[in-house]
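Reviewing the structure listed below.
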Amino acid sequence: MDAATTSVVKPQPRKRPETSIQALSGETLCIIFSFLDIVYLIRCSAVCKSWSAIIDNSKLLRMLYCKQQQQQSDSTSLVDVSAWSERSLKMQLVELAMERHRFSLQEVVFVTRLFTLLSLRVDKCCMKMGAVLTGGASKTMRLWSVESYKYLDEFSLPDKGPLVDFDFDESKVVGLVGSRICIWRRNGERNMISLREGEILKGSCMRYIDPEAVVGCEDGRARVFDMYSRKCSQIIKIHDGPVTCLSLTEDQLIIGGSSIGSITVTCPSSNQRVATLRPIVYEGCVSTLCFNPCSRMLFAGSSAGRASCWDLRSTRRSLWETRVSPNVIYSINHLRNNTSTLAIGGIDGVLRVVDQGTGQVFSSCVIDTSGSNVLNGNSKGPCGAVENKRGRRISDDTQLDRLPRGSRPAISCLAVGMQKIVTTHNDKYIRVWRFNR
């Protein structure tokens, strides 16, 4: 055979097998976990069952708690935790983490990270398990890591109308798109399940607790859908005016806010209205609702800038009402399992931290627009750019109209995590406010 015509076959490079965190042994994970402080260790124990079991079996939480007690107390007042059950220890650790979260939102100097999403304009967000899901005017919802600011996943919307509302958990994303509910599976083969179109008349909000999703509509009714049979199982009249916002309780109560300023609590099983909650001062519509299952407290924000609170266990009269903003409140949220602080944002662009029990405003935060506000650590990647800036607190008597508008872009939505708050501004970026610096 002619050597000139002989083709030389180059050996293909061997592909390295992909590795993941699941490939690490329990001993290796224990070594990694041992470098974390108590708050981050608690967060790791909530990631999955396997990590929780590794941390529990290694006694890392118990050792860290004892170490912290020794630092804060003298030797005569140390608490003996050797006889505590794992449940009792975890309860103490959760309380400790909540105290640190409350302190950081009130006192700690903070920075903000402006995460530019290039061509994506977003006005809604929700955060769970260290991930933020964003959506808005584009035909795509995207999932981001709140720690690394890296793009994790995306979910394409059908051409059936605008994205009205959405939420997600570890296995799926549920969204109200136009006049239909869409469900995207996150694990395994990607598919989208659409419920019947046309059964939702001008839906304005959506919430879900498996296996049902509830849509609030402009005709004053809430439509309940079974997400697995794909059928509308119930239509409930909850208001005389349009339903503007919804919240659900774990005991299957539907809480709906209205454009006429009232809030109703309805039981779907009996199709009966349980309570009607009215603020002391009627001003504007109910623009947002937030229910805390730990305290059974319900928080509401109005288009007139008033925040209100009710205890659903004992009274129909509001526990407190506070004029926290001169303009509409768009979003209220709190950290899961936290019963002390509440984050509030709206059109005036000021991020406020409020006491859940009294309505007192602890802290009001804006962006520092002085010449030295940009910090080191800026970066740019294929999915967007990250810019670090300082934030600053303002006093209660600050005249907002004298603040530069660039220091307080309108907050369209917010989500609260441990020592951090994520906000959207109906623009091409999200902002992460970090209070643990």
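The values are calculated or read from the model by the stated rules, or taken from the named source; none is laboratory data. All of these numbers come straight from a predicted model, not from anything done at the bench. Glycine gets a Cβ as well: all are built from the backbone with ideal geometry, and neighbour counts include every protein chain shown. The protein model used for the area step is the full one, side chains on, heavy atoms only, and it has no ligands, DNA or RNA in it. Shrake-Rupley method; radii C 1.70, N 1.55, O 1.52, S 1.80 Å.
Over segment 111-262, consider all pairs of different Cα atoms and compute the Kirkwood hydrodynamic radius from their mean reciprocal separation; express it in Å, one decimal.
About 16.2 Å, per the Kirkwood formula over Cα pairs.
Under the 0.36 nm per residue contour assumption, what length would be gained going from the current alpha-carbon distance of V281 and D396 to full extension? Don't skip to the end; give the middle numbers.
On the way: separation 115, 0.36 × 115 = 41.40 nm, distance 2.15 nm.
Using 0.36 nm per residue and subtracting the Cα-Cα distance, I get 39.3 nm.
Is there a pair in K139/K231; K160/K420; K49/K428; K160/K428; K128/K389 whose C-alpha atoms are over 32 Å apart, and which pairs would that be? Please report the intermediate quantities before stating the final value.
Working: K139/K231 25 Å; K160/K420 35 Å; K49/K428 36 Å; K160/K428 23 Å; K128/K389 24 Å.
Checking Cα-Cα distances, K160/K420; K49/K428 exceed 32 Å.
What is the spin-label model distance, in nm, from R317 to M63 if the labels are put 7 Å beyond Cα along the C-beta direction?
Result: 5.5 nm between the two label points.
With an 8 Å cut-off on Cα pairs and a minimum separation of 6 or more residues, tell me the relative contact order of segment 141-297 in percent. Display every interim value, and only then the final one.
Values: 362 pairs, mean separation 18.4, N = 157.
Result for segment 141-297 is 12 percent.
What figure, in Å² to the nearest 10, do you get for the accessible area of E283 with a 1.4 Å probe and non-protein molecules left out?
Looks like 70 Å² after rounding.
With every protein chain in place, what's the accessible area of E147 (1.4 Å probe, Å², nearest 10)?
For E147, solvent-accessible area is about 80 Å².
Considering only protein heavy atoms, with the full assembly of protein chains and a 1.4 angstrom probe, order R230, R185 by accessible area, largest first. Display every interim value, and only then the final one.
Details: R230 110, R185 60 Å².
Heavy-atom accessible area, descending, gives R230, R185.
Quick one: how many Å² of D153 are accessible to a 1.4 Å probe, rounded to 10?
Answer for D153: close to 40 Å² accessible.
Largest first, how would M141, M129, M98 line up by accessible area (1.4 Å probe)?
Details: M141 0, M129 115, M98 30 Å².
Putting M141, M129, M98 in descending order of accessible area: M129, M98, M141.
From largest accessible area down, sort W51, W433; use a 1.4 Å probe on the protein chains.
Working: W51 50, W433 5 Å².
I get W51, W433, largest accessible area first.
With every protein chain present, what is the per residue accessible area of segment 232-391 (1.4 Å probe, Å²)?
Working: 6610 Å² over 160 residues.
Per-residue value: 41 Å².
Could you tell me, in Å, what Rg and Dmax come out for the Cα atoms of segment 116-162?
Answer for segment 116-162, Rg first and Dmax second: 10.7, 33 Å.
Report the gain in length on full extension from T369 to S50: 0.36 nm times residue separation, minus Cα-Cα distance, nm rounded to one decimal. Before the final figure, lay out the partial values.
Working: separation 319, 0.36 × 319 = 114.84 nm, distance 4.47 nm.
Stretched out fully, the T369 to S50 stretch lengthens by 110.4 nm.
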